[in-house]
Amino acid sequence: MSSLDASFVLVDHDRANAFSLPVNDASRAATSAATATPVKPKRPSTHPSNDSSYKPGSVPSYAHDWSAEATGGEVRLDGRHFIDAYGRVCSLRGVNLGGSSKTPTDHDHENFPGDHRSVTFVGRPFPLEEAHEHFSRLRRWGLTFIRFLVTWEAIEHAGPGLYDTEYLGYIRKLLSLLPKYGLSAFVSMHQDVWSRYSGGSGAPAWTLEVVGFDLRAIEDTGSAWLHGQRGGGHVEAERGLWPCGYHKLAASTMSTCFWAGDVFTPKLLVKNKHNQEVPVQQFLQNAFLDAWEMVVRATGDLEGVIGFQMINEPHPGYVNASLNSFNYNTDLHLSHIPSAFQSFQLGAGHPTLVPTYTRSFPMPTKHTSYTMLNTAGVKAWRPDGPTKGRCLWEYHDVWRWDKASNKAVILRENYFRKHPDTGEKMNWYTDFYYPFANKWSERVRRASKESKLVFLEPIPNEFCPESWKDQKPKNMVYAPHWYDLNALFAKAFGDFSVNVQGLSRGMFPLKAFYWGQKGARENFSIQIRNIVEHGYKSLGENPVLIGECGIPMDMNKGEAFKTDDFKWQMRMMDAMMTALENALVGFTLWNYNPDNDDQRGDDWNGENFSWFSRKRALPASLLSYEQDSPTLDNGGRLLPAIVRPYAAKTAGVPLRFEYEMNTGRFTFEWANRASGSADESSSGTSSVADPPLHLSRPLTSRETEIFIPSQLTQSRQLKVDGLEEGDAYVYDEKRQTLFVVTANNKAPGHKHRITVSVYPALEPSFQVNDLWSDFGAFFVALFIGVLGMLGFWMFVL
């Protein structure tokens, strides 16, 4: 049996419940813990603050501490909120950990793809011995909720059913440390453009081999852009090319086979361990679920792991796609953009003329030329693969090569737009995504426990589908992403900003343009509020967490690396953080990557998003690790915009939080719960500003805990205004927590409002400008001049 044959027959993916980690200390502990009933310590159901003699801050924990000791047990869901065991609403904010997890620790730029079966991800996102430094830093910054990235490749790179138990043991050890630092995490299976071997990250190389791709020919046929895996993506000609890989042959074919292979690739059968032929969708999905179960068995019993995310930024592949073009409004068109039909021809070894797009304004790109690709006539399909070297889509009679005319001919024009057999319309969400998401969530809970949270997201840049409400799994968190697409595409930010979200949905252009910092804050606030409120509208009272949001460090042509002045990055980050706060939504920032540096960035497809770089930090030997230690800030960028106060645990329902980073002043407003049950009607709507005041779990705490970073308060006095008679507070700088105990916490709907400031005030980082502040004098002068001319014309002439 050849090594290629082995990729088809190594393991039987149809077995039901025969999974266990190979025997070693870490895996034995993980497996036994996942199957045994954990012994929980008994904790009081009532918070100590309910005692009338309680003094604020008497508990040993801190605001941004998500350990069981601090929350009274587990963080759970209640309506649109995360709540702790005392019924307090929890605001979760943190980081993606981290961008380096997309690639192996032994990733070799020059020899990619290399020996893809022997790579290792042990040490991603950082070695165990560095955990104390990084977790202490995130605790100091109040970013204690982690989206912990793993990839399918990291778990199962050696072949189907061959799991990297050293890696599973490593992530178990790392995640077991979280409660010590007050951190909590959900484990997210990351992917971009299907796999590193199709230009992104995620799936193992053998998944492409199973379908029949020749890894050594994928790039030459235009089936993927792989230069970003070899350290490229930093020069202007390569900037932003990697997302275009989603609609190239390799990634689109793999996603189609994974989600909808039973419908669109029914002839593609691969052999399992018992030499039985099974459909490729079944093979891939079962392999994916099996790998997930290994992750859950390794980590699902840990206190610090509250849930799991099925997959990052899912993509439907060719489902509902046209053979002749992609949608310009939803799919990035940059450089060579072959249609699906043209991609089929290229992959089959036929030189093909394809449209080429370049950057433009006001539209982001425009079609400027055609380029002949695959002039050498290379085939993307292996002759010893399941299709015997034929294009998979030719194999399914979607098209054929007409030898008489020497041209490609489409045979089934609407193959992906309707069911090939029944002619019925297909919907990727309802027909493919929801059923698999429910199957996955059931599998996860069987391997861990029912209370685990499951995080799911839609196709990038789409609002939450209304069809999701009736098909969502239990304990689901809606976790979409948001980026400013204009700044992301241009790698630039200044006073002029654009609401691309609105433009792509038909907004009148002049309404989509904004000026100044006030304009950027308003622009981003509208966009993020739209995402959150569409979630509430479609799913009902269901928690929303922005799973990714961030800004490029290398924007404006990397000017900040030369001047060490990150003012525009600071302004953009502030606008985004302000928008998140206005929407009262939790988030995990993209990303914290200790391996980031100014030249290579995050060392993946030219991206540079990490606002921390170890190369800018002090060596570990010079650090102290207390929460109020400024030594941990070295290596951080934009910290005044990122490390901000927030109400982490609220004894009531948050209504408004407004923070001005240039003064250090914030206002927080919250309300007592309404009387009655959560099932009764309330004044709440899908608006972020008008939440329902009913919750199911009883509130047994009077203490609200607000994270206030010592960066703000060091050598300054803290002032709290707005307290009512009987209210009390204390600020503990070492714990970076403002503890507030209210006297009137029983009157239904009663509102509390405090304003917190520091003295002396902060030195402003920038001016919060707008169109009027920048051009008001000019407009006034122009208006006076026009009036003068009119007066002269009317009364003198």
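The values are calculated or read from the model by the stated rules, or taken from the named source; none is laboratory data. Keep in mind it's a predicted model, so treat the numbers as computed, not measured. Here Cβ is always computed from backbone atoms with ideal geometry, including for glycine, and neighbour counts include all displayed protein chains.
A few notes on this one:
- Scanning the range 47-73 for residues that are surrounded by 15 or more Cβ atoms within 10 Å (Cβ to Cβ), of a type outside the set (Gly, Ala, Ser) and either part of a loop (DSSP other than H, G, I, E, B) or in contact with a Gly (Cβ under 8 Å, 6 or more places away or on another chain) (or both) gives HIS47, TYR54, PRO56, VAL59, TYR62, HIS64, ASP65, TRP66.
- For the range 378-386, the criterion of being closer than 23 Å to VAL263 by Cβ and among the small types (Gly, Ala, Ser) is met by at least one residue.
- Among the residues of the range 555-579, those that are crowded, with 24+ Cβ neighbours inside 10 Å and of a type in the set (A, V, I, L, M) comprise MET572, MET573, ALA575, MET576, MET577, ALA579.
- Restricting the search to strands (runs of 3 or more DSSP E) fully inside the range 483-598 and requiring at least 1 residues that are touching a residue at least 24 places away in the same chain (Cβ under 8 Å) and either under 20 Å from the mean Cα position of the chain (by Cα) or within 28 Å of GLU133 (Cβ to Cβ) (or both) gives 586-592.
- The numbered conditions (1) modelled with pLDDT under 95; (2) touching a helix residue (DSSP H, G or I) at 6+ places or on another chain (Cβ under 6 Å); (3) of a type in the set (Lys, Arg) are all true for ARG616 except (2).
- Selection from the range 306-325 of residues that are crowded, with 19+ Cβ neighbours inside 10 Å, in a loop (DSSP other than H, G, I, E, B) and not hydroxyl-bearing (Ser, Thr, Tyr): MET310, ILE311, ASN312, GLU313, PRO314, HIS315, PRO316, GLY317, VAL319, ALA321, LEU323
- Candidate set: the range 601-653, residues that are assigned to a loop (DSSP other than H, G, I, E, B) and of a type in the set (Lys, Arg); chosen: the one surrounded by the most Cβ atoms within 10 Å (Cβ to Cβ): ARG644
- Where a residue in the range 158-171 is farther than 28 Å from HIS274 by Cβ and its partner, wherever it lies, is part of a helix (DSSP H, G or I), with Cβ under 6 Å and at least six apart: GLY169/ALA26
- Total residues in the range 231-248 satisfying the condition of being surrounded by 21 or more Cβ atoms within 10 Å (Cβ to Cβ) and either among the acidic types (Asp, Glu) or in a loop (DSSP other than H, G, I, E, B) (or both): the figure is 3.
- Qualifying positions in the range 249-275 - surrounded by 17 or more Cβ atoms within 10 Å (Cβ to Cβ) and out of contact with any strand residue (DSSP E or B) (no Cβ under 9 Å at 6 or more places or on another chain): SER252, SER255, THR256, CYS257, TRP259, ALA260, VAL263, PHE264
- The sole residue among GLY87, GLY99, GLY114, GLY73 that is among the small types (Gly, Ala, Ser) and within 22 Å of the chain's Cα centre (by Cα) is GLY99.
- Residue list for the range 419-450, filter: surrounded by 15 or more Cβ atoms within 10 Å (Cβ to Cβ) and free of Cβ contacts under 8 Å to residues at least 60 places away in the same chain: TYR429, TYR434, ASN438, ARG445
- Within the range 728-769, the set of residues being surrounded by fewer than 19 Cβ atoms within 10 Å (Cβ to Cβ) and charged (D, E, K, R) comprises ASP732, GLU733, LYS734, LYS746, LYS751, ARG753, GLU763.
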